[in-house]
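Derivation of every value follows stated rules applied to the coordinates shown; laboratory data play no part. As the structure is a prediction and not an experimental result, all values here were calculated from the model. Don't worry about glycine lacking a Cβ; one is built from the backbone with ideal geometry, like all the others, and counts go over all protein chains shown.
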Amino acid sequence: MPPLYSRRMGEVWITGVGLITALGPDRETTWRRLVAGESGIGPLTLFDPTGFRTRIAAQVDLSGLVLPESRFPSVRHTSRASRFALAAAAEALGDAGLTLSAEAHPWALVQGGGTAGLFEAEAFVARRLRGGPLVRGLGEFVEVPQDAPTDRIAQALNITGPRITVTTACSSSTIAVGLAAELVRDGEVPVALAGGTDALCRLTYAGFNSLHAVDIEPAKPFDRRRKGLSLGEGAAVLIVEDAAHARARGATPYARVLGYGVTNDAFHMTQPEPSGAAWERTVRAALLDAGVAETDVDYINGHGTATEQNDSAECAAYRRVFGARVAEVPVSSIKGALGHCLCAAGGIEAAVTAMAIARGVVPPTTGFSEPDPECPVDPVPGVGRNCGIRAALSSSFAFGGNSAVLILGRVA
Amino acid sequence: MTPAGTGVPALLRALADPGFQAVLGLPRPDAPPLPVAVCRDFSTANVLAPLVARRLDRPSRLLAVAAREALASVGDPFPWERARVGVTAGTWNAGTSALVEVLRTVFLSSPEEAPPAQFPSTVANAPASQLGILEKLGGPNLTFAEKQVGGLRAIAEGARILLARRADAVLACGTDEGDWLNAEGYSRLGSLQTANHAGMVLCECAVALVLAREPGPSPVATLAGWASAGTPAPPHLYPTDPASFVAACSRAIVRAGMAPDDIDLVVSMANGIPPLAEFERGALTALFGSHRPAAIGVADRFGDGAAAGTLRALTAALTVGGTVTPQWAPLPHLREVGFRPPTARPRTALVTGLAGGGSSLAVVLTAS
């Protein structure tokens with residue numbers, strides 16, 4: 001097979017991170033608790049879980065969110081998913097030292113689109129299905145489109161560059177970061193806000209329950225006893241910036257975006273190709289795109305959903321790529337602490353990977369304690385671990401066979 | 001697949017008919033039908049095996065049938081390794097009907113009875129993913145959900161995939177289904193046409209274009225340039241300031257190596273909503289100055305949506321490629337400022353999209 005990719009990403013840095021998770025309403029709280037091995041998974045209180053098989057989730061506490069100041073008051077009355085996105089965007093810009101002016105900002109917005117305002121719209125759907133009136137208010141429908149949170153960020157922060165909303169289920173925001181880096185590399189914009197947001201709702205809660213893909217206990221990624229995922233919610237925004245632009249304004253980078261790979265396994269809507277061969281192709285495509293050798297990879301932030309099929313197929317892919325070295329490269333799944341945040345998951349994981357590179361600490365796989373021969377990796381049990389990282393993978397797999405792998409690296 | 005019927009021949013017949021207007025009417029529970037142009041004669045017979053068709057939801061079936069036609073058009077043997085063929089798709093509402101069915105069970109029966117077979121179809125990327133599975137296409141498979149701009153985004157990002165050599169060919173698609181939840185929501189927002197109120201018609205359709213780098217099979221047209229921008233606005237409203245949109249059009253034209261005066265045809269994005277018509281009139285007069293390319297309306301005949309953007313691009317490609325000269329006059333807001341229907345074959349076309357919320361995208365197509 002000919003080489004998949006031929007262009008290099010060039011100097012694209014991550015200069016800011018905003019994180020909203022069940023562990024905290026900001027980046028630093030999330031990081032501190034994540035590295036300490038704490039879990040954000042607990043009783044679901046967002047809606048009544050009566051009748052559902054499971055009753056837990058990694059739910060965000062809205063009370064701690066800091067929303068950006070905006071000339072549009074309406075952005076303060078947005079959906080849960082949009083509030084996560086707005087808070088994450090504001091935090092990321094502040095972290096990057098990019099100040100907002102009254103002028104328009106010609107930056108790109110590349111976001112992974114998830115359920116958007118579906119949680120709020122479910123009340124409308126329920127009412128209509130029960131024969132109730134058409135609509136009481138307009139607000140419950142306005143944010144149903146999956147790009148509504150992206151629109152809200154643009155509206156609140158006066159962003160006028162390209163606005164892209166990718167929706168490939170659980171790999172959405174991984175791809176968003178990769179696309180954002182391409183926009184920057186191609187010179188279309190100097191700065192892109194990349195990431196994604198997703199909020200818990202009855203649809204996904206019922207759907208994953210119907211597939212028996214959720215564990216009634218908190219998820220245990222890569223663990224022999226794993227019985228499924230825990231659903232979560234949250235948002236991440238990463239400031240993806242041209243290195244020359246960042247240097248000129250004295251920004252401090254977390255990491256470089258070295259490249260990414262995205263393929264489809266063309267196998268099944270909900271199950272990964274089990275041998276790991278398809279996922280291997282994505283990893284190899286990403287390594288080739290980044291110009292990184294397997295031996296340069298010091299850390300993998302895995303997809304690690306804690307379903308039987310995902311974790312074994314994922315580890316099989318790593319075994320195929322890294323050979324005997326697979327047991328030496330730390331592979332952590334932060335879904336054991338943050339739940340599976342679906343379309344936001346990849347962005348959150350990319351953000352954590354960038355922080356791990358900058359701080360020389362890899363987060364643990366919370367929930368893991370019993371090794372599984374099917375998953376012969378080092379899942380970093382317990383708490384975070386010091387680890388110098390030259391290059392790292394942030395790996396995602398999604399419904400429909402859409403896998404994406406980002407390669408981030410240390411800035412020299 | 002369009003409201004005109006199955007396949008490109010049905011589209012060509014419609015474009016050649018000055019009086020064509022899609023038939024409207026989407027039924028819904030306990031209320032009058034909604035103004036949606038649906039694919040009334042759609043069938044998967046002779047295209048998909050029944051066992052395959054029945055596991056796909058409607059937008060996936062629509063797209064699968066359109067994609068079969070597109071793939072067949074590049075000839076036999078298939079010129080690329082299927083693992084190196086990608087899919088990009090734009091959609092406004094794929095997954096909505098499946099979503100409603102899952103929620104129907106949750107709300108009217110019990111959450112534990114939610115149908116596992118339907119849940120995977122609730123994700124908007126289901127049609128593109130099902131297409132990948134069905135045709136064994138292993139390249140990047142991306143779906144864009146950007147309301148009216150999604151279908152054009154699929155074309156632009158398909159081109160980016162090709163330029164980055166992430167694939168050798170890309171099926172750039174759009175697919176939208178007629179669904180009552182989406183239509184009812186926009187009806188409630190006052191966006192849809194009624195007997196007493198100007199507004200948009202929604203379009204159910206699926207369109208698939210094969211994008212490939214040269215050298216390749218004989219092309220219909222060349223994708224010469226594209227660019228996008230945004231103007232901040234609430235998600236359900238169009239912006240009023242066309243400056244960013246005009247800038248995106250200008251960048252797309254420059255990227256194509258041309259100037260505005262080189263554009264022969266504009267495929268109008270106007271969909272019947274008065275503020276969009278006003279926006280388009282202001283934008284195009286600012287972009288073109290005294291130059292007046294020919295213009296045609298499409299969204300006012302077929303309706304609007306994400307896939308309708310891909311359909312506008314297909315119409316432009318067929319027109320600059322010399323396959324058809326559309327007989328569809330533009331809406332009055334463009335005629336009033338001098339934009340006329342084409343009388344000769346245009347060689348270059350500008351196709352634009354603007355979504356509620358303010359995201360915009362422009363592509364330039366030229367005769368190959």
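Laid out as a table, the results:
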item	result
Sorted by Cβ density within 10 Å, fewest first, the residues A:ILE239, A:ILE20	A:ILE239, A:ILE20
Rounded if a/c under 1.5, otherwise prolate or oblate - segment B:222-366, Cα gyration tensor axes	rounded
Choice from A:ARG325, A:ARG249, A:ARG55 with maximal GNM fluctuation in chain A (Cα, 10 Å cutoff)	A:ARG249
At R0 = 41 Å, FRET efficiency that the Cβ-Cβ distance of A:ARG127 and B:HIS291 yields, to 0.05	0.20
Sites A:ARG225 and A:LEU288 - FRET efficiency at Förster radius 35 Å, r taken between beta-carbons, to 0.05	0.45
Neighbour-count ranking [beta-carbon atoms within 10 angstrom, fewest first] of B:CYS203, A:CYS387	A:CYS387, B:CYS203
Environment charge at A:LYS227 (Cβ cut-off 9 Å; Lys +1, Arg +1, Asp -1, Glu -1)	0
Among A:GLY360, A:GLY346, A:GLY113: highest mean-square fluctuation, GNM of chain A, C-alpha pairs under 10 Å	A:GLY360
Cα-based shape type of segment A:37-99, given that a ≥ b ≥ c are square roots of the gyration tensor eigenvalues and the cut on a/c is 1.5	oblate
Protection-proxy order for peptides B:324-335, B:65-76, each taking the mean of Cβ atoms within 10 Å per residue, highest first	B:324-335, B:65-76
Anisotropy class of segment A:183-255 from Cα gyration tensor, a/c 1.5 cut	prolate
Net charge contributed by nearby residues that have their C-beta within less than 15 Å of B:ALA83 (K/R +1, D/E -1)	+1
Separation of alpha-carbon centers, segment A:22-83 and segment A:335-412, rounded to whole Å	20
Partner lysines for A:LYS335 [C-alpha distance under 22 Å; skip if fewer than 8 residues away on the same chain]	A:LYS220, A:LYS227
Euclidean distance between Cα centres, segment B:339-368 to segment B:248-289, Å	7
Proxy reagent accessibility, fewest Cβ within 10 Å first, across B:TRP180, B:TRP226, A:TRP107	B:TRP180, B:TRP226, A:TRP107
Net charge over other residues, Cβ less than 15 angstrom from the Cβ of B:ALA283 (K, R count +1; D, E count -1)	-1
Spin-label pair A:GLN271/B:SER368, simplified geometry with 7 Å Cα→Cβ offset, distance in nm	4.0
Residue of A:THR50, A:THR160, A:THR366 that the Gaussian network model of chain A assigns the largest fluctuation, springs spanning Cα pairs under 10 Å	A:THR50
Total charge dipole magnitude, segment B:180-303, about the Cα centre, Cβ charges on Lys, Arg, Asp, Glu only, Debye to nearest 20	120
